[in-house]
Amino acid sequence: MRLFLLLAVSGVVSLAGGLYFQEFNLGSSELRFIADFGFGAMTLLGSIVTVVATVQLLFGEIEHRTILPILSKPVRRGEFLVGKLLGAWLTICSFVAILTVALLLALFIREQQLPELTDETLGADHSVSYLGVLVFAGVQCFRLMVLASITAFFSGYASSSMFAVFMGFFVWVIGQLRGSLVAQWGEGFGQSVLKLLTLLIPDLRVFDLGTQVIEGAGVAPISIAGLVCYALVYTVLYGSLAALVLKHREF
């Protein structure tokens, strides 16, 4: 996909440009600024790739009727959907891997350019865990997998690709704001109902581990396992709903 290549190049260029924007750092260490810059690019551009790639891989087959010769073979619609979701996730993971390598290189290059520091100063002000960057990237793959399954659900019954793309981005925005919306609703029965309804939409902010990584706070393995399980639950839920919608759709 040309968009995939465009965003991949844009992400790498933005990370490279982050090496020269340290003066806008507002007091934070340069390495942490670059890491934060890379995490933002990974999250934002990764979400764009996820929504667009999922719509192209799934709804594109429906729109161009290329799904018909596939389903005429001994391939069930659920199997077709699983294959498309795995293809979308492979695309997503490839994109995240490209930005992760670029971010690690940017951090390594800048770290080599910094003057010699004592261990105490380096650990207090200029440390960024490379392992933490890899953990963040891995968690983002599961986060984007959830977004891909939700987008696939809307693509299953959408009448146009624009609608599927719009709904994918709409759910992404709601998922980012879900916690704040519930907190501002107030107390009482209304908040309870809202919390129940918002269970249908995953809270994507729980995957934001950038602050912990940048500040040097380790992420417990049990927390990572919990995030993976959280992502798998919503992936299976919306994947099943997408399979159900696709099963009853007429082509």
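Within the stretch 187-203, does at least one residue satisfy the condition of being polar (S, T, N, Q), at pLDDT below 65 and either touching an Asp or Glu at 6+ places or on another chain (Cβ under 9 Å) or in a helix (DSSP H, G or I) (or both)?
If we filter the stretch 187-203 for residues that are polar (S, T, N, Q), which is where we start, we get 191-192, 198.
Remaining after also requiring at pLDDT below 65: 191.
Within this subset, residues satisfying the condition of being either touching an Asp or Glu at 6+ places or on another chain (Cβ under 9 Å) or in a helix (DSSP H, G or I) (or both) are 191.
Yes; the residues of the stretch 187-203 include at least one that is polar (S, T, N, Q), at pLDDT below 65 and either touching an Asp or Glu at 6+ places or on another chain (Cβ under 9 Å) or in a helix (DSSP H, G or I) (or both).
Could you tell me which residue of the stretch 106-140 is farthest from Gly226 (Cα to Cα), considering only residues that are assigned to a helix (DSSP H, G or I), of a type in the set (A, V, I, L, M) and at pLDDT below 85?
Just the residues of the stretch 106-140 that are assigned to a helix (DSSP H, G or I), to begin with: 106-113, 119-125, 130-140.
Those still in the list that are of a type in the set (A, V, I, L, M) too: 106-107, 109, 122, 124, 131, 133-135, 137, 139.
So of that shortlist, the ones also at pLDDT below 85 come out as 106-107, 109, 122, 124, 131.
Working: Ala106: 30, Leu107: 28, Ile109: 34, Leu122: 32, Ala124: 29, Leu131: 19 Å.
Of everything passing the filter in the stretch 106-140, Ile109 is farthest from Gly226 (Cα to Cα).
Which pairs turn up if I take residues in the stretch 215-228 that are within 15 Å of Leu134 (Cβ to Cβ) and in a loop (DSSP other than H, G, I, E, B) and look for partners that are among the β-branched types (Val, Ile, Thr) and at pLDDT 80 or above with beta carbon separation below 7 Å, at least 6 apart in sequence or on another chain?
Val219/Val135
Looking at (1) modelled with pLDDT under 90; (2) in a helix (DSSP H, G or I), can you tell me which one Leu26 breaks?
Here Leu26 clears every test but (2).
Within the stretch 82-104, take every residue that is free of Cβ contacts under 8 Å to residues at least 24 places away in the same chain and among the aliphatic types (A, V, I, L, M) and give me the one that is farthest from Leu246 (Cα to Cα).
Applying the filter and picking the extreme gives Val101.
The values are calculated or read from the model by the stated rules, or taken from the named source; none is laboratory data. Since the model is a prediction, treat every value here as computed from it, not as a measurement. All Cβ positions, glycine included, derive from the backbone under ideal geometry; neighbour counts span all protein chains shown.
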